[in-house]
Amino acid sequence: MNTLEELNVKGFIEEAIDPTLDLFAEIDRLKKEKNAVILAHYYQEPDIQDIADYIGDSLGLSQQAAKTNAEVIVFAGVHFMAETAKILSPKKKVLLPDLKAGCSLSDSCPPHLFAKFKERYPNHVVITYVNCTAELKAMSDIVCTSSNAVQIVNSLPKDQPIIFGPDRNLGRYVAQKTGRELVLWNGACMVHEIFSQQRILKLKSQHPNAKFIAHPECEEVILSMADYIGSTTGLLKYTIENPAKEFIVATESGIIHQMEKSNPDKTFIPAPPNTTCACNDCPHMKRNTLEKLYLCLKNELPEITLPETVIQQAQKPIERMLEISAQIGL
Ligand code: 13P
Ligand code: SF4
């Protein structure tokens with residue numbers, strides 16, 4: 001077993017696993033024994049999605065974390081998501097298979113710099129995209145996700161000035177959709193900002209009947225080509241409801257697993273980045289593996305812990321988001 005210090009350096013439990021072990025069966029057994037639930041984001045590897053009790057987008061995962069009766073939450077996602085689960089269910093043990101599963105977007109907004117930024121805009125309401133640290137949430141008035149950002153902004157009086165952070169791309173998209181001026185923090189996601197317009201145009205010409213769908217974390221030039229823009233859940237729903245047979249998908253490629261499961265007769269093409277890679281994986285999301293998930297559940301480590309004050313201050317803006325989402329049926 002690793003020491004806590006080793007765990008912080010490495011990020012995950014390192015322990016030999018019997019290669020003949022059926023990890024799916026073992027995870028299932030441990031889950032029952034420990035009254036644990038596995039919540040997984042759509043960007044996780046297919047094996048993790050298949051063993052999860054719930055798969056969803058950031059909003060869905062927060063809603064599940066808030067209402068679960070399980071004593072242990074294994075969060076197969078990234079650090080800010082597990083933190084959100086801990087804030088919503090502070091009495092529960094929240095585990096993350098790899099503590100170093102971070103987020104470039106969250107990293108692009110250090111709380112001490114955001115505090116200074118906030119000071120420059122007194123009288124502004126602060127809306128933060130859930131992809132940020134617990135400290136940043138604690139400095140916010142309302143949290144949002146890509147599923148509800150437009151409605152959250154619209155829930156405020158028209159003359160209320162707003163700071164929106166940390167994602168400038170989602171912020172610009174929400175400003176356009178709501179017709180409001182938002183003061184934007186200049187952050188971005190490393191996965192969504194590197195889609196290649198040229199390579200997507202080429203794919204579109206090779207597949208003229210394909211629908212091009214994109215996550216609002218993408219750059220404006222990519223969103224301007226999209227037939228549909230939405231959160232991961234929104235994109236998945238669109239592929240189910242739209243009669244098209246081919247889709248070019250501009251978000252992290254993990255979502256394609258659920259799209260293929262829900263639409264066995266349809267073809268999904270990952271939109272390419274401006275590198276030589278064919279698809280676009282999030283290196284943070286993909287730090288979690290089935291092996292790490294098994295060891296994390298077995299050893300109940302790494303565990304997410306947060307200072308009590310941060311939990312208390314961050315709870316309000318997240319709960320406000322959940323209340324508004326419930327009111328509008330999300
Ligand atoms: P959603 O699943 O909420 O659309 O968010 C996408 C994302 O980037 C999560 O890190
Ligand atoms: Fe963060 Fe982007 Fe990875 Fe989502 S896809 S976890 S926003 S780096």
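Since every read-out is calculated from the coordinates, none of them should be taken as a lab result. Computed from a predicted structure; not experimentally measured. Every residue, glycine among them, receives a Cβ derived from its backbone with ideal geometry; neighbour counts consider all protein chains shown.
Odds and ends about this structure:
- Protection proxy ranking, highest mean first, for peptides 10-16, 282-288: 282-288, 10-16, where packing is the per-residue count of other beta-carbon atoms within 10 Å, averaged.
- Using a Förster distance of 35 Å, the FRET efficiency for ALA66-ASN274 (Cβ separation, nearest 0.05): 0.35
- Of the peptides 184-191, 219-226, the order by per-residue mean of other Cβ atoms within 10 Å, starting with the highest, comes out as 184-191, 219-226.
- Per-residue packing, averaged as other Cβ atoms within 10 Å, sorts the ranges 70-80, 24-34 into the order 70-80, 24-34, beginning with the highest.
- Overall form of the range 126-195 per C-alpha gyration tensor (a/c, 1.5; a/b vs b/c): oblate
- For the chain, the relative contact order works out to 22 percent when only alpha carbon pairs closer than 8 Å and six or more residues apart are counted.
- For the range 164-281, taking Cα atoms only, Rg and Dmax work out to 14.1, 44 Å respectively.
- Taking a ≥ b ≥ c as the square roots of the Cα gyration tensor eigenvalues, the chain comes out oblate, since a/c reaches at least 1.5 and a/b does not exceed b/c.
- For the set LYS177/LYS286; LYS67/LYS91; LYS67/LYS286; LYS86/LYS116; LYS31/LYS92, the pairs lying more than 20 angstrom apart at their alpha carbons are LYS177/LYS286; LYS67/LYS286; LYS86/LYS116.
- Reach of LYS202 by Cα under 20 Å, taken over aspartates and glutamates that are not fewer than 8 positions away in the same chain: GLU193, GLU219, GLU220, ASP227, GLU246, GLU252
- Straight-distance crosslink candidates among lysines, where the alpha carbon sits under 23 Å from LYS118 and sequence neighbours closer than 8 are dropped: LYS137, LYS158, LYS316
- Candidate aspartates and glutamates for bridging to LYS10, where Cα separation is under 13 Å - those fewer than 8 sequence places away on the same chain excluded: ASP98
- Considering only the chain, percent of DSSP beta bridges that pair antiparallel, nearest 5: 5 percent
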